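Enquirer: Here's a structure for you.
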Amino acid sequence: MTATGSLVDGVLTAWERAVDRRESAGGWEPAGAARSSLAALQADAEVLRTLEVRLTALGDRFGLEHRERMLLAVAVLPEAHPSAHLLAGLLSGDAGPARPSVALGWESAATGTVDPDSHALLDAGGVLRATGLIAVEGDDVLLSRRLRLPDRVRAHLLGSTLVPEEVVRVLAQPRAVDVEGFRQVATALEAGEPLVWVHAPAGTAGAALAVAACRELGVGCLVGDLDRVPGEGATGSDGSEPDQGPRAALVRPTLRALVLEASLEGSVLVLLGAQHAAGHLDLLERAVVPVVAVGRTPWDPHWSDRLAATVPAGRLSRAEREDLWQHAVGPAGVAEEVLAMRITPEEIDLVGARARSDATRADRAPSVEDVRDAVRRLGAGHRSRVGAATSPATLTDLVLPDHTRREVERLIGWARDRDEVLGLGDLQGKGGKGTGICALFSGSPGTGKTLAAHVVADSLGADLFQVDLSTVVDKYIGETEKNLERTFARAESLNAVLFFDEADALFGSRSSINDAHDRYANQEVAFLLQRMEAFEGITVLATNLRGNLDPAFARRLHFMVHFPDPDAPTRLRLWEHHLAQLPGTDPEDPVDLELLSGALEIAGGDIRNIVLAATYDAVAARRPVGMGDLRLASEREMAKLGRRIGDARWGSGRARG
């Protein structure tokens, strides 16, 4: 390593000798222009020496030897001074200004063209090129190729702090929170670990943990999120919906830019969405700064020929969540359902900013409803096939017998208190068991099972991810399991409630094996049993035929809720509930709720259909809904069900044509 101030002087001295050599050989036409350029550079040498501090700091940070530092100086001088640009071109054999050739670089660094060490300086795996400090352009012989500083390195050496666009678009600003695991990360970094892998499933505070570890050590960090790399925008692998993963072709250049930026700043690189970098770990392993990679998947030993230090990300405690929410939206926006939302600290900040803006426009303090709306918008880019409705479903929308309603309320309570319970110990058991909650809703069609699933999701501020059997079940062996795995993984990543309607189609009882079809059908059920055991989210199974489910699923179920056919008092409440959605009914044709609830032994879904059909008829006639409309709609609905109305009083109602 040369002393401070020697790099620029060393290049100028080397170029003076190069001019002398070419002049002494005779016949070098641009000698005059070269001498003039050299004189201009020597006159401005004091100004050029201002590059020295940044060149030296960069060389120290990347661990460069003297010749590598000289090559950097050779490459940056033409970027800093027009006379250096001209002289570099003339000495490289050009007729005018040009970038320096590899031959001139070696000549300036006093290294031979046939020396293997010289070639190693600019090898693709060497420090200069592998870290992105220097690029070698051209396809001619190596000696005539050109040394180019990438724009970001040039800007850094010339004193610019402008961050390139490919880095700006993935930058994140997570909040540091001292969650469980942050001291382990800090200890690993302090011990000199080049790569620490933080396993952060959905709902954990991996980013906050990593930033807290850097704060603990008093070092800066650059946080980039690969989930922000522009997506493919193509149909997903199951043919069902757009793939929300980053565009594969952009991951590597983005990762290279992040590593370079962190290295230039001398900051720890905190890489979120690190599972997308699994095929590009060579860039992380060559980084000259430590990397904390936060990924939703565990470290896979097949990714690299060495094992990374791994740390599981902790979850926010109730007290930590409450403190973050209080800071984000104030007391009026904090409630049990808000505290139960499994979102990260940085997402809490985003939601809080949106909720505050919405409340400010309405000239009031942020409310729980503002928070719920903002959370729904947060997940809008990953909307499942059954997303949150424009008006969320609540417990008041469920008209059920008391014991059934209490079980649904218990399920929501379990989901809200899950993190608190898990914080007490390994109560869920060991051996690969997940921390998820699974419920079975059984009952006849129309009794409220799907609505209850919506209520559970909306009460937790989550999306309802309904499994479309047509995109999961595949005639080819093994494909159904792959599709199911993608479904479970996506539900976990979106922190959504996973909903299997008509669950007996997938979760049916295993049978004795009479042929290959039986074996593979049983294999699918076995896979579901294992995957449900490891699932971290909330699963709701709905079936009309509870007896068709495999008995082995019972042990995996935390709740088995039966939705009975409504009795007369419950039907009366259902009629009242659905008719209450209307602005009013026809006073000239009053609705007889007692008659409707007593004469029609139907489920809530059928009552909803009748009210909807009667409303269409009334609107077409430009009048309010009356009993005649409901009577006619009821007769049509019962005909659809293949049933007759048996109450003798039914014929007394006034018909409407």
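Bear in mind that the values in this text are calculations on the coordinates, not laboratory data. Since the structure is predicted, the reported quantities are computational estimates derived from the model, not experimental observations. Ideal geometry is used to build each Cβ from the backbone, glycine not excepted, and the neighbour counts take in all protein chains shown.
Enquirer: So for each of 342-350, 255-263 I average, over its residues, the number of other beta carbons within 10 Å; can you give me the resulting order with the highest mean first?
Expert: Result, highest mean first: 255-263, 342-350.
Enquirer: Treat each spin label as a single point 7 Å out from the Cα along the C-beta direction, and report the Asp117 to Phe559 distance in nm.
Expert: Label-label distance for Asp117 and Phe559, simple model: 7.2 nm.
Enquirer: How do the peptides 594-605, 298-309 rank, highest first, by the average count of neighbouring beta carbon atoms within 10 Å per residue? Walk me through the intermediate numbers first.
Expert: Details: 594-605: 20.0, 298-309: 13.2.
By packing density, highest mean first, the sequence is 594-605, 298-309.
Enquirer: Which residues' amide hydrogens lie under 5 Å from the amide hydrogen of Val270, considering only partners 5 or more residues apart or on another chain, with H built in the peptide plane?
Expert: Leu222, Val223, Gly224, Val292
Enquirer: Oh, and also: How many nm separate the modelled label positions at Ala335 and Ala248, each set 7 Å beyond the Cα in the direction of the Cβ?
Expert: The modelled label-to-label distance comes out at 4.6 nm.
Enquirer: Between Asp305 and Asp402, how many nm apart are label points set 7 Å from Cα along the C-beta direction?
Expert: Calculated label separation equals 7.1 nm.
Enquirer: Among DSSP beta bridges whose residues both lie in region 167-312, state the antiparallel percentage, nearest 5.
Expert: The antiparallel proportion sits near 15 percent.
Enquirer: Provide the packing ranking of 28-40, 91-103, i.e. peptides ordered by the mean count of other C-beta atoms within 10 Å per residue, highest first. Numbers along the way, then the final one.
Expert: Values: 28-40: 16.2, 91-103: 18.8.
Top of the packing list down: 91-103, 28-40.
Enquirer: Right, another one. Could you let me know the centre-to-centre spacing of region 570-619 and region 1-73, using Cα atoms, in angstrom?
Expert: A separation of 90 Å, based on Cα centres.
Enquirer: Let me ask something additional. Restricting things to alpha carbons, tell me how big region 6-157 is in terms of Rg and Dmax, in Å.
Expert: Calculated on Cα positions, Rg and Dmax stand at 14.4, 44 Å.
Enquirer: At 0.36 nm per residue, minus the direct Cα-Cα distance, what do Arg410 and Arg361 gain on full extension? Give it in nm, one decimal, please.
Expert: Length gained, Arg410 through Arg361: 14.0 nm.
Enquirer: Something else about it: Can you compute 3J(HN,Hα) from phi for each residue in region 102-110, using the Karplus curve 6.51 cos²θ - 1.76 cosθ + 1.60 with θ = phi - 60°, rounded to whole Hz and x for Gly and Pro?
Expert: 4, 4, 5, x, 5, 4, 5, 8, 6
Enquirer: Continuing with this model, one more query. Applying 1/(1 + (r/R0)^6) with R0 = 60 Å to the Cβ-Cβ distance of Asp417 and Arg154, what FRET efficiency is obtained, to the nearest 0.05?
Expert: Once rounded, the FRET efficiency stands at 0.60.
Enquirer: Moving on. Can you give the extra length, in nm with one decimal, that the chain gains between Arg228 and Glu369 once fully stretched, where that is 0.36 nm per residue apart less the Cα-Cα distance? All intermediate terms of the calculation are to be shown ahead of the outcome.
Expert: Working: separation 141, 0.36 × 141 = 50.76 nm, distance 2.76 nm.
Difference between extended and current length: 48.0 nm.
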